[in-house]
1. At what distance in nm do the modelled label points of LEU274 and LEU246 sit from each other, each positioned 7 Å from its Cα along Cα→Cβ?
2. Cβ neighbours within 10 Å, averaged per peptide: list 124-136, 402-414, 205-217 in order, most packed at the top.
3. Going by average Cβ neighbours within 10 Å, how do the peptides 251-263, 149-161, 220-232 rank, with the highest at the top?
4. Given points 7 Å out from each Cα along the Cα-Cβ axis, report the VAL100 to SER86 separation in nanometres with one decimal.
5. Calculate, for ILE168 and ALA265, the FRET efficiency according to 1/(1 + (r/R0)^6) with r their C-beta to C-beta distance and R0 41 Å; round to the nearest 0.05.
6. Under a Cβ-Cβ cut-off of 12 Å, what is the net charge of the residues other than SER166 that fall near it, where Lys and Arg count +1 and Asp and Glu count -1?
7. Sequence-distant or interchain residues sharing an amide H contact under 5 Å with TYR399, placed H: which?
8. Round to the nearest 0.05 the FRET efficiency obtained for ILE161 and ALA197 when R0 = 56 Å and r is the Cβ-Cβ distance.
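What follows draws every value from the coordinates through simple rules; no lab data is involved. These numbers were taken from a predicted model, which means no experiment stands behind them. Note that we place each Cβ from the backbone using ideal geometry, even for glycine, and neighbour counts take in every protein chain shown.
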Amino acid sequence: MSQQVYTPGIGNSPFGNVNTNPQSSNYGANSGYSAQESILIAKAIKKALFDTAPKQFNALKLVFEKEFVEYNNDEFEYLEYGFGRSAAECNAIVGAVAAVPGTAVQQVIAFTAGSIPHMGIDLILVYPDGTKGIIKAIAGNNVTVESQTSVGLPATAVGDIFSIQSTIQGDGMDTFSNYERLETVTRYNYIQLFLRACRWGRVELLKHQNSGTTDFLEADKKEKMRQIRTDLFNSFFNGTRGEFALANGLPAKSMGGIFPTMQAAGSMNANPTLAGLRAAFETLAFKTNHKAEGGVRMIYGTDEILYELSKIFKDPGIRYAPSDRIADMNLTEYRLGTMRFVPVPCELFKEQSCFPKDWARRMLVIDQETVAPVKMKGLPAMYTGTTLDRGANGTREGYKDWYVEANLSLQFNNPVGSFWIDVA
């Protein structure tokens, strides 16, 4: 039976739409409206939570869909070797020696210490002007060079670059003039462990499961997945190899990422203004071109900086069609001579919660074939799990943890075949 007596339309009704508001209503909570709330009305809440995070994270797909390299340990080494020959740099001024008909002439030239290991007797050197000479002896950094018969030798200057043309031998020799052996470069990295988790009290979790008004539990799990993928992405590009001491005192290994590895290896780079971007890009592209004709390099950068780069290329670009289909993301490729470049929008670079602010103006031009993600053998690259709570499981914990765990590192061969540009 109602205890409320009222006359409709008089204005003193305790009911009506103005007073039909759910508890904790924004309208009802406004003291200026004098509206009432009712326990009989449920809040209108959209079941699905809306994700407002940016979607332009294609680089995540490009990086992590590549096949992982597995190692037995959380520390690994990998070896590489380069072209196997280097030019020689002159370190002294030596006067010209005139030709003597029917015989050869000699010069003693000081070369830089870094040039000597690449030189040996009976190798043909090419002077900057094209003159040829043969190495007759090496003593310290001093190299005795002899001309061809009846030919003179030109003057040299500090900084002159000599090419090493070839070996040469005569018929019937019973000795070998020079020996060499493959030299390797050893690189190493650590595998880093990653973790994101959330904890729910036993009853708290049941309340959300029984009375939840949205898909909050699933959205929370999805957010943990996205955040750990972002952790992986940030570390893959900007992680520094080393060790950290955790809050509990345990040491933890951190992985070295693409950019710090390039820095340590001495990869070429430039810091041009927008006006000088074209010249800088072209110079670095040709100087670091270690790929076969038609090889592809990826350009990672924000939409803004890649748009500036797109103005350099005269043609509108063509559809990039990778042979393995992993990177089939409607990307466009550009041609520079026989080289191919594929811009990959990477909006995380301008997110200061992930990268320092100078990354917003950075382009990383990477030979993707030399880069591979690494994981430890026996551990999935990423996996989720739930801990036991008190109840039928017989444990004491009155809570349940949901977690996502990952392990990741990087193998980056020949980082000097890649370069970066910071646009001022």
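1. 4.7 nm
2. With the highest mean Cβ count within 10 Å placed first, the list reads 402-414, 124-136, 205-217.
3. 251-263, 220-232, 149-161
4. About 3.5 nm separates the two model spin labels.
5. 0.75
6. +1
7. For TYR399, whose amide H was placed from the backbone, the distant partners under 5 Å are ARG202, ARG390.
8. 0.45
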